[in-house]
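Structure, as structure tokens:
Read the figures in this text as sums done on the coordinates, not as results from a lab. Predicted model, so just to flag it, every value in this text is computed and none were measured. For neighbour counting, all protein chains shown are included, and Cβ atoms are generated from backbone atoms with ideal geometry for every residue, glycine included.
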Amino acid sequence: MARKEKVTRVIDGDTFETDSRKNPVRLAKVDAPEKGERGAAKATEDLRKMIQGEEVTIDTVARDRYGRSVANIKVGRKSVNAAMRAKLKK
């Protein structure tokens, strides 16, 4: 079941925190560069511009080995996952 939550902090290009959960949320099927890798700062900034402070719809599809939700995220009707995949291909 999808839940609406407010994004409080973008950690990197595929992970963020919300005001109502202990663990961060990861974008499903998005593999952004990790901190220190080429493109990591831009990916983090791209995600920040899209969702920081926004109310997003989180549809969890799995959990990763750290207990984080792996989810499809939307702002309004726009898929954040698809937008980030497109940005990372450039």
The answer for the net charge of residues other than A40 whose Cβ lies under 14 angstrom from its Cβ, with Lys and Arg +1 and Asp and Glu -1, is -2
Expressed in nanometres to one decimal, the distance between label points 7 Å along Cα→Cβ at V75 and V61 is 2.0
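Mind listing which trypsin sites (Lys or Arg not before Pro) in segment 34-86 are in a DSSP loop and have 14 or fewer other Cβ atoms within 10 Å?
Sites meeting the loop and neighbour criteria: K35, R38, R65, R77.
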Flagged as over-length at 21 Å C-alpha distance, from K22/K49; K6/K74; K29/K90; K4/K90; K35/K74; K6/K49, the pairs are K22/K49; K4/K90; K35/K74
Given unit charges at Cβ for Lys, Arg (+) and Asp, Glu (-), the dipole magnitude of segment 13-88 about its Cα centre in debye, nearest 20, is 160
With only helices counted (DSSP H, runs n ≥ 4, each -39500 (n - 2.57)), the per-residue ellipticity at 222 nm for the chain, to the nearest 500, works out to -7500 deg cm²/dmol
Each label sits 7 Å from Cα toward the beta-carbon; between M1 and K42 the label points are separated, in nm, by 4.1
Taking Cα atoms only, helix 40-51 is inclined relative to the longest principal axis of the chain by an angle, in degrees rounded to 10, of 40
Toy charge model, Lys and Arg Cβ at +1, Asp and Glu Cβ at -1: segment 1-46 dipole around Cα centroid in debye, rounded to 20, equals 260
Interchain or sequence-distant (5+) residues whose placed amide H lies within less than 5 Å of the amide H of R68 are none
At R0 = 35 Å the Cβ-Cβ FRET efficiency linking N23 and K90, nearest 0.05, sits at 0.70
What one gets for the chain as the Kirkwood radius, inverse of mean 1/r over different Cα pairs in Å, is 12.8
